[in-house]
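The values are calculated or read from the model by the stated rules, or taken from the named source; none is laboratory data. Note that this is a predicted model, so its numbers are computed, not measured. As a convention, Cβ positions derive from the backbone with ideal geometry for all residues, glycine included, and neighbour counts pool all protein chains shown. Each accessible area value is taken on the protein alone, full model and side chains, heavy atoms only, with ligands, DNA and RNA left out. Shrake-Rupley method; radii C 1.70, N 1.55, O 1.52, S 1.80 Å.
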Amino acid sequence: MNTSRNIGTTSPGIERLQQRLAAQMLHLAYSRLLLSVMLSLAVTLLFIDLLHPYFNHERLFYVALVVLSVNLCRLGLWLWHRHVSPGDEETPLWARRFFISATAAAAAWSFSVFLLLERANGIEMAFLIVWVIAVTAVASTSLASHLPSVLSFVFTALLPVGTLLLIDGNGMVWIVGLAVYGALIALALTAYASYISTRRILLSDIERSTALAEAAAARQAAEAASLAKSDFLATMSHEIRTPINGVIGMTELLRTTPLSAKQQRFVDAAHQSGQHLLAIISDILDFSKIEAGKLELEHIAFNLLELIDGIQTQLAPLAVAKRLRLTCHIPADLPAQVIGDPVRLRQILSNLINNAIKFT
């Protein structure tokens, strides 16, 4: 029961894959159709020229007319398919048309051999058998991407001829009939092997392209999620900073009022916690801006020496608590007033010194 449920769950995906694979195989068959028609016409003209001294000219004319007419129809089908460029959903319709055209071409060849075999002697029969086998060999390669069509061509072209030779012939003719049957089996197996090989290659290409498309979609989804997260963090950081600033402002005002020692400690603790929380929120906002590519640096004048001294004063107690000495060496030629972003510089120096103290 579980197995059947799993198959039912995955069957739509498998059906889509099979439909796409069938469409690709048929598209390949149509792309080879022009070459098949050209080779068929070339072989026809060559053998008509070779058979000209041995057969009735009127019959050769009818043979050439039938074969050329069928191949011109196949050429028209190729042009039609190329002009329409049908989608995957139309594959069954165009597959039937392809099958009919291949079977009609094979029937034309078989009819031609039947028409000429009636008055053929040994050499002439050999010409005809080589002719039909050569044409079928070409078809077994050019039509191999659509298995029903290529098998129909092979059997329609060779089976009637081989059967006729086995039934009506004797001696060498009977052996020739067996040879035709052997060629039929060999060409059918060759066509099937070519079909399987082509199908495997196309299936691998489809699976690879599908995997690449899914990876691209997953990457886009991840990027969209990351952007949404950054937008959310930026929005929430802005929303939270407003009340936090209010809390910090109120605690600063409260610190200026007369308080007992215990109340002063509570107010100082609340003020420090608020400052710490505001720093965390500012860091989150900075990270979200960096991810969104929207972080902008300020260009304002500030006192570099005062900034460094403030950082040293802030972090010196942490160093003393770990029995470390935090000293600051400032070159005499370092200018006091500089242009830059004091907030970002303070963050960078504080993080570096904090890490140094923490991991020393």
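How many residues are open to solvent by 20 Å² or more (accessible area, probe 1.4 Å), touching a residue at least 60 places away in the same chain (Cβ under 8 Å) and part of a helix (DSSP H, G or I) when one looks only at region 117-142? Matching residues across region 117-142 total 4.
Residues considered: SER145, SER197. Of these, the only one that is open to solvent by less than 50 Å² (accessible area, probe 1.4 Å), over 26 Å from ILE48 (Cα atoms) and among the polar types (S, T, N, Q) is SER145. If you take the residues in region 311-349 that are in contact with a helix residue (DSSP H, G or I) (Cβ under 8 Å, 6 or more places away or on another chain) and among the small types (Gly, Ala, Ser), which one is surrounded by the most Cβ atoms within 10 Å (Cβ to Cβ)? Residue satisfying both the conditions and the ranking: ALA319. Please work out if LEU72 is of a type in the set (A, V, I, L, M, F, W, C) and either within 20 Å of ALA144 (Cβ to Cβ) or open to solvent by less than 40 Å² (accessible area, probe 1.4 Å) (or both). The answer is no for LEU72. Please indicate, with yes or no, whether at least one residue in region 57-69 is surrounded by fewer than 16 Cβ atoms within 10 Å (Cβ to Cβ), out of contact with any Lys or Arg (no Cβ under 6 Å at 6 or more places or on another chain) and either modelled with pLDDT of 85 or more or of a type in the set (Val, Ile, Thr) (or both). Yes, because at least one residue in region 57-69 is surrounded by fewer than 16 Cβ atoms within 10 Å (Cβ to Cβ), out of contact with any Lys or Arg (no Cβ under 6 Å at 6 or more places or on another chain) and either modelled with pLDDT of 85 or more or of a type in the set (Val, Ile, Thr) (or both). Under the condition of being part of a helix (DSSP H, G or I), open to solvent by 50 Å² or more (accessible area, probe 1.4 Å) and not hydrophobic (A, V, I, L, M, F, W, C), the residues counted in region 75-116 number 8. Of the residues making up region 157-185, not one is within 46 Å of the chain's Cα centre (by Cα) and among the charged types (D, E, K, R).
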